Each structure stands twice: as C-alpha cells, then as structure tokens.
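The values are calculated or read from the model by the stated rules, or taken from the named source; none is laboratory data. Computed from a predicted model, the values in this text were never measured in an experiment. Here the Cβ positions follow ideal geometry from the backbone for every residue, glycine too, while neighbour counts run over all protein chains shown.
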Amino acid sequence: MRTLGNIIWHLPFLGFVSAIITYLFGLILTLTVLAAPIGLGLMEHGKFLFAPFSFAMVSKEQLRPSRSTSGWQVYSTLVMVLYLPIGLLLAAISVVQIVALFCSLVGIPAAIVVAKSLGTYVNPVGKQCVPQAVADEIQRRESVSHVRRHLR
C-alpha cells in the first residue's frame, strides 16, 4: 500500500519535482554555511518527499536526546527565529494546497503527504528523515513512557 501511495504521489502529482526542488534549495542553503541548520533540515525533507509513504520526519532529539553542543543549539535557534516568517508563509501556502487536494478523491493521498510536511516547513532545524518503522517505534516508546508516568 505504501508503494502505491508513493507512486500516486509521484505520477499524477509530480512529487519528485517537489522533492528535487526542496533538496536542492536545502543544498544551496547548506553551502552558504550561515543557513546550514535550515539547509540540512530541508535536505532531509527532500529525502522524505522522494518516498513520503515509506518515511517520516522526526526530530533529532527523539532519536538521540541531548547530543548536540550548546553552541550549535544556540546558533540553530537564532537561525530558526530568522527563518520563522518564511516557514509560516510556506505553511500557509501548504494549507491552501491541502484544502485544494482534498477536493478530489485522488488528491487525498497527496494532501496527506503535504499535511505530514507542515511541521517541517515551519521548523526544518533538527529534523531527520527515518523509515516509517523507526518513527512507529519512537512513537510506541513515547506512549509507553507516558503511560508509566500516569500509572505511578
């Protein structure tokens, strides 16, 4: 089913074009060095867009908690604050795109892909593309720890 979703994303909706543009824009931002945190996040988002039904975007904190240096975190936060207006604009455009895609039955899978991308459009800093199984396991572990906290 995931393969069919990826095919529908790429063929009628040209998802590969979005993936290539996002990846190249992230690469250009990474080459500028100043916008490297945003560029790295957009490159990961581009990888996600190549097979959105097989992958998921998660924060690096969920994968490896507290491994970043404090200097990089401060710099990433500063760059993110500067990027925020652009991210909000991209998210607003994406919401309009989601509503338009939901108008047709065939567009619903593509709308789901764009909806999964909203958080990354707003904040690409510190995001990583992982297989769906890894994202499911992260969510399962967070649910177990949440249940344990409430049962004490």
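Looking at (1) more than 16 Å from the chain's Cα centre (by Cα); (2) under 16 Å from residue 45 (Cα atoms), can you tell me which one residue 113 breaks? Tallying (1) more than 16 Å from the chain's Cα centre (by Cα); (2) under 16 Å from residue 45 (Cα atoms), residue 113 fails exactly one: (1). Applying a threshold of 8 Å to beta carbon distances and a minimum spacing of six or more residues, or different chains, the list of pairs starting in the range 67-80 at a residue that is surrounded by 11 or more Cβ atoms within 10 Å (Cβ to Cβ) and small (Gly, Ala, Ser) and ending at one that is in a helix (DSSP H, G or I) and at pLDDT 80 or above reads 68/60; 76/37. In the range 30-42, the residues that are under 17 Å from residue 91 (Cα atoms) reach residues that are part of a loop (DSSP other than H, G, I, E, B) with C-beta atoms within less than 7 angstrom, at least six apart or across chains, in these pairs: 38/124; 38/125; 41/124; 41/125; 41/126; 42/124. The lone criterion from (1) more than 14 Å from the chain's Cα centre (by Cα); (2) surrounded by 14 or more Cβ atoms within 10 Å (Cβ to Cβ) left unmet by residue 53 is number (1).
From the list 38, 21, pick out the single residue that is surrounded by 13 or more Cβ atoms within 10 Å (Cβ to Cβ), out of contact with any strand residue (DSSP E or B) (no Cβ under 8 Å at 6 or more places or on another chain) and within 12 Å of residue 126 (Cβ to Cβ). Give the derivation first.
Details: 21 fails: within 12 Å of residue 126 (Cβ to Cβ).
Criteria check complete, one pass: 38.
Against the numbered list (1) surrounded by 11 or more Cβ atoms within 10 Å (Cβ to Cβ); (2) under 16 Å from residue 57 (Cα atoms), residue 140 comes up short only at (1).
Please work out if residue 59 is farther than 16 Å from residue 126 by Cβ and either buried (at least 19 other Cβ atoms within 10 Å of the Cβ) or among the small types (Gly, Ala, Ser) (or both). For residue 59, the condition - farther than 16 Å from residue 126 by Cβ and either buried (at least 19 other Cβ atoms within 10 Å of the Cβ) or among the small types (Gly, Ala, Ser) (or both) - is not met. Which residues, taken from the range 109-118, are among the β-branched types (Val, Ile, Thr) and surrounded by fewer than 18 Cβ atoms within 10 Å (Cβ to Cβ)? The one that is among the β-branched types (Val, Ile, Thr) and surrounded by fewer than 18 Cβ atoms within 10 Å (Cβ to Cβ): 112.
Quick one: count up the residues across the range 46-90 that are within 30 Å of residue 11 (Cβ to Cβ) and of a type outside the set (D, E, K, R).
The first filter runs over the range 46-90 and keeps only residues within 30 Å of residue 11 (Cβ to Cβ), leaving 46-58, 86-87, 89-90.
Still in the list and also of a type outside the set (D, E, K, R): 46, 48-58, 86-87, 89-90.
So the count comes out to 16.
Would you point out the residue of the range 81-100, among those that are of a type in the set (Val, Ile, Thr) and within 17 Å of residue 39 (Cα to Cα), that is surrounded by the most Cβ atoms within 10 Å (Cβ to Cβ)? Here the answer is 86.
Determine which member of the set 106, 130 is in contact (Cβ under 8 Å) with a residue 24 or more places away in the chain, exposed (fewer than 11 other Cβ atoms within 10 Å of the Cβ) and not charged (D, E, K, R).
Working: 130 fails: exposed (fewer than 11 other Cβ atoms within 10 Å of the Cβ).
Going through 106, 130 in turn, just one is in contact (Cβ under 8 Å) with a residue 24 or more places away in the chain, exposed (fewer than 11 other Cβ atoms within 10 Å of the Cβ) and not charged (D, E, K, R): 106.
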